[in-house]
Amino acid sequence: MGSQALSNYDRAFTLLKENPLEQRLDVQLPYEKFLQLDEAFSELKSAAGISEDQRYPSLAYNSHTETVTVVTAPSSIHEGAARWIDSEIKEFAKAYLSTRSPHTLQYIRQVGSTTKHFTGGYVRSRKEPDGGFLYVRMDGEDKLLIALEVGYSEVYGKLLDDKDMWIDGKGANVVILVCLKERPRFKSPATAPYRDITDWRAEMAAMSRTVGETSQSNIQRGYYGLLGYKGHTWAGELNEVFIEVWRPDSRDKFYLIQEGLRLPVDDLPVTLGLRMRDLYPRDEWEAANVEDCIIPFDSAGFLENLRFGTITASKDRFQGFLFEVLGL
């Protein structure tokens, strides 16, 4: 193994082992070294008693770019965005199809495990999207329909690589990219100002009240962040939020927050352009004989979910600091 590959391998394995919050690492490794890393990761999980069902830290591989990706436990901002979009699509599809094609509704399932069996230059790839839907064929391979990826703007280029893998390597109908810019990104504070904390429950309660009141005051001005406590920022400003919807031959982009402020209500999107037919393979859609319709998108609800995500993230980060750094 060359010195650069060895360094990349060590960096990836260290991140898998330590699993610090909210980290993404993309490094170059040939496929053979990825397999070695994957085997070492499996041994690590077995020795630590970590269930195979535990999503994070996750290990993925893009064979087209020979890139290993390690993602550690994400913040509630990231997780909440993915879950909200998945839930909204699922609930609308359930209501729409329950009287029109209930027998096909059962075949539309949320993505829930690592995806393999890519094609073309991605044939050796392995990855799990943050969300999405597949169609479970009764007489053949399940078909990925929609893939959802959420990430911070700093890794936008890597999100585009993920998008290409889902469309070109898996034949997805649609890839949804949710891009967030948290400014500044969270950094753990110096410990000295917090050394006098002895009752962590009382401190958590005081911190929770503070960030909740701050968030409520911010939102009245259409502002998302900052959330601070005792002189430190525990959740940065959501300076920019946009969603891109990619298809094999097109891209649509929707801004929700720019320069730290929510767009005027009349300018927020009411749909991302998704349609019911996006939830079916073409042949299954034609056989279902269902009238197509646009799937709505509740921008205000999504942004409110992000607001609560920033509150939860700030509290999680503070509690993690108290327990891991101060040892309370």
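Electrostatic tally near Arg109: other residues with Cβ closer than 10 Å to its Cβ, Lys and Arg +1, Asp and Glu -1, net 0. Here the extension length gained between Leu105 and Lys253 equals 50.4 nm, from 0.36 nm per residue of separation less the Cα-Cα distance.
Using alpha-carbon pairs under 8 Å, 6+ residues apart, how would you state the relative contact order of the chain in percent?
On the way: 533 pairs, mean separation 48.9, N = 328.
Taking the mean separation of contacting Cα pairs over the length of the chain, I get 15 percent.
The magnitude of the dipole of segment 109-184, with charges of +1 and -1 set on the Cβ of Lys/Arg and Asp/Glu and taken from the Cα centre, is near 80 debye.
Across Ala202, Ala172, Ala60, mean-square fluctuation computed from a Gaussian network of the chain (C-alpha pairs under 10 Å connected) peaks at Ala202. The trypsin sites (Lys or Arg not before Pro) found in segment 118-182 that occupy coil by DSSP, while having at most 16 further C-beta atoms within 10 Å, are Arg124, Arg137. Once backbone amide H atoms are built at 1.01 Å from N, Thr271 has Phe297 as its partners under 5 Å, excluding neighbours fewer than 5 places away on the same chain. Pairs of Cα atoms in the chain fall into 10 Å distance bins, from 0 up to the last occupied one, in shares of 5, 23, 29, 26, 14, 3, 0 percent. Pairs from the list Lys45/Lys116; Lys17/Lys143; Lys116/Lys181; Lys143/Lys181; Lys33/Lys163 with a Cα-Cα gap above 28 Å: Lys17/Lys143; Lys116/Lys181; Lys143/Lys181. Among residues other than Asn8 with Cβ under 11 Å from its Cβ, the summed charge is -1 (Lys and Arg +1, Asp and Glu -1). For the pair Ser7 and Trp200, the difference between a 0.36 nm per residue extended length and the Cα-Cα distance amounts to 65.6 nm.
Contact order for segment 1-81, expressed relative to its length and based on alpha carbon pairs under 8 Å spaced 6+ residues apart, stands at 41 percent. Evaluated with a Cβ-only charge set (Lys, Arg +1; Asp, Glu -1), segment 238-328 carries a dipole of roughly 380 debye about its Cα centre, given to the nearest 20. Each of Phe321, Gln258, Thr310 was scored by the projection of its Cα onto the charge dipole of segment 253-328, and the greatest displacement toward the positive side belongs to Phe321; charges sit on the C-beta of Lys, Arg, Asp and Glu. Note on segment 164-218: Rg/Rh from Cα positions, Kirkwood definition for Rh, rounded to two decimals, is 1.29. Taking a point 7 Å out from the Cα of Asp38 in the direction of its Cβ, the residues of segment 58-82 whose backbone N falls within less than 19 Å of it are 58-72. Mean sequence separation of contacting Cα pairs (under 8 Å, at least six apart), scaled by the length of segment 265-328, corresponds to a relative contact order of 35 percent. Here the Karplus curve 6.51 cos²θ - 1.76 cosθ + 1.60, taken at θ = phi - 60°, turns the phi angles of segment 246-259 into couplings of 9, 10, x, 10, 7, 8, 10, 10, 10, 8, 10, 10, 9, 6 Hz, with x standing for Gly and Pro. Rounded to the nearest 5, the antiparallel percentage of DSSP beta bridges internal to segment 140-237 is 35%. All other residues whose Cβ lies under 13 angstrom from that of Asn289 are scored, Lys and Arg at +1 and Asp and Glu at -1, for a net of -3.
Directionally averaged projected area (segment 244-325, Cα convex hull): 9.0 nm².
Our helix-only sum for the chain, with -39,500 (n - 2.57) per DSSP H run of n ≥ 4 divided by its residues, gives a mean residue ellipticity at 222 nm of -12000 deg cm²/dmol. Here is the list for segment 1-71: GluC sites (Glu not before Pro) lying in DSSP coil, each with at most 12 other C-beta atoms within 10 angstrom of its C-beta, are Glu52.
Tell me, in nm to one decimal, what length is gained between Arg282 and Glu52 on full extension, where the rule is 0.36 nm per residue of separation less the Cα-Cα distance?
79.4 nm
Above 23 Å lies some portion of the pair distances; for segment 30-142, what is it as a whole percent of all C-alpha pairs?
45 percent
With θ taken as phi - 60° and the Karplus curve 6.51 cos²θ - 1.76 cosθ + 1.60 applied, the whole-hertz 3J(HN,Hα) list for segment 269-280 is x, 9, 7, 9, x, 6, 10, 4, 5, 5, 8, 9 Hz, x standing for glycine and proline.
We did not get these values from a lab; they are worked out from the coordinates using the rules stated. Fair warning: this is a prediction, and the values are worked out from it, not measured in the lab. Using ideal geometry, Cβ is built from the backbone for each residue, glycine included, and neighbour counts are taken over all protein chains shown.
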